[in-house]
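In what follows, a single structure is set out as structure tokens and then discussed.
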Amino acid sequence: MLNGISGRILLLLLAAASAFGQDYKPEAILAAERGLSEARRQNYPEAIKAYRRAIALEPGLPGVYLNLGLACFKSGDFQGAVNALLEADKREPTSQTGALLAMSYVALGNNKEAAERLKPLVAAQPGNDELAYLLARAYVRTGQFDAAKELFGSMLARNPDSGEVHMLVGEALDGSRETERAIGEFETAAKNSPTLPDVHFGLGYLYWKRKRYADAEREFRAEIHNDPKHARSFAYLGDTLIKTDREAEAVERLKTATQLDAKLRIAHFDLGIIYSDRGLDDKAAGEFAEAIRVAPNDYGSHYRLARLYQKMGKRSEAAAEFAIVQRLHEREDDQPLIEVK
């Protein structure tokens with residue numbers, strides 16, 4: 001979705017920014033034109049260098065900050081994009097600048113700022129489903145589920161088969177603890193768009209929360225079929241296999257998950273339990289410690305590690321962990337989908 005919108009903005013900018021006028025330093029104009037040329041060839045690092053040289057020579061050159069921001073966005077330097085686009089917005093606010101700035105904030109995970117930037121754009125272009133989708137997504141990511149739901153009706157009226165929108169509706173419903181309705185939306189999304197990234201994982205996770213483990217397993221495997229490096233699917237598939245008494249395969253899936261993404265708490269936690277049950281205390285302690293590193297306030301990991309240290313005769317370490325346990329309140333595992341780790 002982001003790439004599609006930014007691609008259209010790029011075409012608009014390249015078509016509009018080919019002439020800078022005659023009142024600026026020739027060296028600055030040449031540098032800016034070189035930046036445009038490199039951007040057309042998708043050589044964004046060189047485009048960025050050229051734009052920055054143009055700015056150093058002539059900070060007032062029209063459109064140069066906007067084009068610099070776009071080149072940074074395309075190269076994956078989203079903070080650089082924000083810095084350039086804020087300057088462009090200060091000099092000459094446009095809808096293109098606003099949209100690209102919002103997308104840069106989305107890419108940085110700053111959904112609160114993205115929503116603030118997107119609201120006036122969506123109000124000015126009520127039929128623009130791409131911008132409406134980004135705003136709804138930002139609302140969901142910041143827990144503003146009611147605001148997101150207000151956008152869904154018109155979006156689905158215009159595109160009732162959109163897997164992306166049904167999936168986003170499902171996330172909002174799950175965030176509002178309406179899990180059964182969320183499952184229905186994800187089922188529609190998976191049926192309409194079976195290769196949409198994360199759609200099978202999301203549906204599998206919702207089944208997992210409802211202890212529908214056969215359905216969850218099917219969906220996690222479907223996500224892995226679409227994306228063999230989908231770490232969360234491996235992690236939750238491993239947990240599902242434990243719950244259905246298939247420990248040997250579970251270990252392999254959990255190990256794969258940690259190799260793909262070392263920051264998955266559930267994978268380290270489950271491996272810790274398995275190793276502890278097998279009497280592999282040092283390995284178990286290492287996994288629980290990793291789970292705590294990822295999620296420092298996870299009650300279960302601290303409690304398991306405290307009991308393990310107690311068993312190993314490490315009294316001071318056990319006491320320290322039990323002290324932490326006393327300060328923590330046990331949390332449910334069934335977090336909303338948007339918070340899954």
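Table for the structure above
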read-out	value
Residue 252 versus residue 37: modelled label distance in nm, points set 7 Å from Cα along the beta carbon direction	5.6
(i) 24.7, 80; (ii) 19.7, 65; (iii) 18.8, 54, with the label sought being that of the calculated Rg and Dmax of the Cα atoms in Å	(i)
Difference of contour (0.36 nm per residue) and Cα-Cα distance, residue 176 to residue 146	9.9 nm
Residues 104, 316, 193, 37, sorted so that the one with the fewest Cβ neighbours within 10 Å comes first	316, 37, 193, 104
Longest site-free stretch - the chain; sites: GluC sites (Glu not before Pro), DSSP loop, at most 13 other Cβ within 10 Å	1-329
Overall form of region 274-332 per C-alpha gyration tensor (a/c, 1.5; a/b vs b/c)	oblate
Efficiency of FRET from Cβ geometry, residue 157 and residue 218, R₀ 41 Å, rounded to 0.05	0.85
Extension gain (nm, one decimal) between residue 25 and residue 244, 0.36 nm per residue minus Cα-Cα	71.7 nm
Nearest-20 debye value, the chain charge dipole, Cβ charges on Lys, Arg, Asp, Glu	500
Difference of contour (0.36 nm per residue) and Cα-Cα distance, residue 263 to residue 128	45.0 nm
Separation of the residue 327 and residue 108 label points, Cα + 7 Å toward Cβ, nm	3.1
Largest to smallest principal axis extent of the C-alpha atoms in region 41-200, angstrom	59, 30, 25
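Every number here is computed from the coordinates shown, using simple stated rules; none is lab data. Predicted model, so just to flag it, every value in this text is computed and none were measured. Quick reminder, even Gly has a Cβ in these numbers, built from the backbone with ideal geometry, and neighbours come from all protein chains shown.
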